[in-house]
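Asker: Handing you a structure now.
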Amino acid sequence: MDADSGSSCRGTMKCYRRRVLLATAGGMALDALAQSKAKKYRIGLLEMPQDPRAPNQIAFWEELRSRGYVEGQNLVVERRNAGDRPDLLPALARELVALRPDLIVAVQQRASRAAKDATPTIPIVIIGVSDPVGMGLVASLARPGGNLTGLTVLVPGHVASKNLQLLHDMVPSAKRIAVLVNPTNEMHRIVQQEALQAAPQLGLQVQVQQARTADEIEPALQAAVANRAEALMVVADSLFNNPPARLPELIARIGLPAIYLLRTNVEAGGLISSGPDFIDLSRRLADYVDRILKGANPGELPIEQPTKFQVVINRKTAKSLGLTIPQSLLVSAEIVD
């Protein structure tokens with residue numbers, strides 16, 4: 001009998017090595033078998049235009065990978081994007097429901113509404129919604145009930161007053177403020193009402209300009225100028241945010257100082273933005289997905305509001321408008337060129 005097999009190899013180095021090799025091979029085989037039997041998750045993604053290269057998008061997928069979900073291995077992602085056609089969202093939501101995913105991620109309020117209307121059972125995780133209670137999506141933030149939970153991007157009752165105040169700080173002489181809204185967006189009706197209520201307390205007058213499509217944006221801005229607006233507040237919407245540079249370029253032509261929700265608009269040439277830290281929100285969104293895939297009941301997961309906020313100012317744009325950044329904002333805001 002060979003020295004490296006059977007009882008005659010006991011105690012020899014060759015026998016030890018053989019046992020190690022056999023154990024390693026056996027372990028690898030068991031690992032391969034476990035992987036082949038590992039659960040593969042399927043999630044649906046319902047959204048309006050999003051830049052996959054945006055830092056918040058990268059943060060979401062990186063966070064999922066860090067928790068063990070790898071697209072193409074144990075994760076299948078069914079993507080449905082309505083482009084510039086929000087009217088397509090209900091049909092796209094029904095398509096996703098027919099695929100029976102483990103959960104649906106709905107980005108922004110109209111996608112969240114479409115997903116909610118399409119299924120009462122498949123878990124839905126939302127992000128980009130201002131007031132899910134006011135919109136009737138959930139019973140309460142603390143106990144959503146039903147099959148929907150997630151994160152809001154705004155704190156109702158505060159966004160309009162805060163942004164009007166910041167705009168006033170940047171442009172103290174401006175008293176007539178135009179507010180650009182998309183009337184098809186439920187969230188915009190809420191923020192518009194907040195702005196109308198907050199403006200008198202700041203000594204400001206608000207005029208509302210509406211744009212439902214990309215073609216209506218420039219006429220709305222021209223109407224703001226015709227109505228002698230001295231500054232502009234943009235209420236966030238996929239129509240206004242994508243591509244990030246389109247709206248800042250149009251606003252630059254008319255010379256109005258403007259405040260946005262997203263820092264990407266400021267990095268593209270806008271004056272100032274004030275909003276939540278979307279990278280932080282995206283990582284927290286991945287946490288919700290992870291918990292639900294592991295069996296958590298979405299109706300029992302509280303909907304979280306933002307806890308981290310950013311004010312970003314474009315120094316070059318401020319200079320081109322002849323504005324001096326107040327010392328208070330130089331200290332507290334992030335300045336980009």
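The values are calculated or read from the model by the stated rules, or taken from the named source; none is laboratory data. Quantities reported herein were computed from a predicted structural model and do not represent experimental measurements. Here the Cβ positions follow ideal geometry from the backbone for every residue, glycine too, while neighbour counts run over all protein chains shown.
Asker: Where in region 81-181 are there strands (runs of 3 or more DSSP E), lying fully within it, with 2 or more residues that are assigned by TED's automatic domain parsing to the domain that holds Ala296, within 19 Å of the chain's Cα centre (by Cα) and closer than 19 Å to Phe240 by Cβ?
Answerer: Numbers: elements: 103-107, 124-129, 148-152, 176-181.
Filter on region 81-181 gives 124-129.
Asker: If you don't mind, another one. Where in region 183-276 are the strands (runs of 3 or more DSSP E), entirely inside, with at least 1 residues that are among the small types (Gly, Ala, Ser) and more than 18 Å from the chain's Cα centre (by Cα)?
Answerer: Values: elements: 205-210, 231-234, 258-260, 272-276.
Of the strands (runs of 3 or more DSSP E) lying wholly inside region 183-276, those with at least 1 residues that are among the small types (Gly, Ala, Ser) and more than 18 Å from the chain's Cα centre (by Cα) span 231-234, 258-260.
Asker: Among the residues of region 142-158, write down those that are surrounded by fewer than 16 Cβ atoms within 10 Å (Cβ to Cβ) and of a type in the set (A, V, I, L, M).
Answerer: Ala142, Val155
Asker: Considering only region 288-312, how many residues are under 15 Å from Arg263 (Cα atoms) and either of a type outside the set (Lys, Arg) or buried (at least 19 other Cβ atoms within 10 Å of the Cβ) (or both)?
Answerer: Within region 288-312, the subset under 15 Å from Arg263 (Cα atoms) is 308-312.
Retained after the next criterion (residues that are either of a type outside the set (Lys, Arg) or buried (at least 19 other Cβ atoms within 10 Å of the Cβ) (or both)): 309-312.
Residues meeting the conditions: 4.
Asker: Could you tell me which of the residues Leu204, Leu281, Leu262 is under 20 Å from Pro183 (Cα atoms) and among the aliphatic types (A, V, I, L, M)?
Answerer: On the way: Leu204 fails: under 20 Å from Pro183 (Cα atoms); Leu281 fails: under 20 Å from Pro183 (Cα atoms).
One residue alone meets the criteria, Leu262.
Asker: Name, by its number, the condition in (1) surrounded by fewer than 19 Cβ atoms within 10 Å (Cβ to Cβ); (2) in contact (Cβ under 8 Å) with a residue 24 or more places away in the chain that does not hold for Arg315.
Answerer: Every listed condition holds for Arg315 apart from (2).
Asker: Would you pick out the residues in region 290-304 that are within 18 Å of the chain's Cα centre (by Cα) and either in a loop (DSSP other than H, G, I, E, B) or outside the structural domain of Leu64 (by TED's automatic domain parsing) (or both)? Spell out the reasoning first.
Answerer: Filtering region 290-304 down to residues within 18 Å of the chain's Cα centre (by Cα) leaves 290, 302-304.
Matches in region 290-304: Pro302, Ile303.
Asker: So which of Leu281, Leu329 ends up being within 30 Å of Ile122 (Cα to Cα), of a type outside the set (Val, Ile, Thr) and assigned to a helix (DSSP H, G or I)? First the steps, then the outcome.
Answerer: Working: Leu329 fails: within 30 Å of Ile122 (Cα to Cα).
Unique residue meeting the criteria: Leu281.
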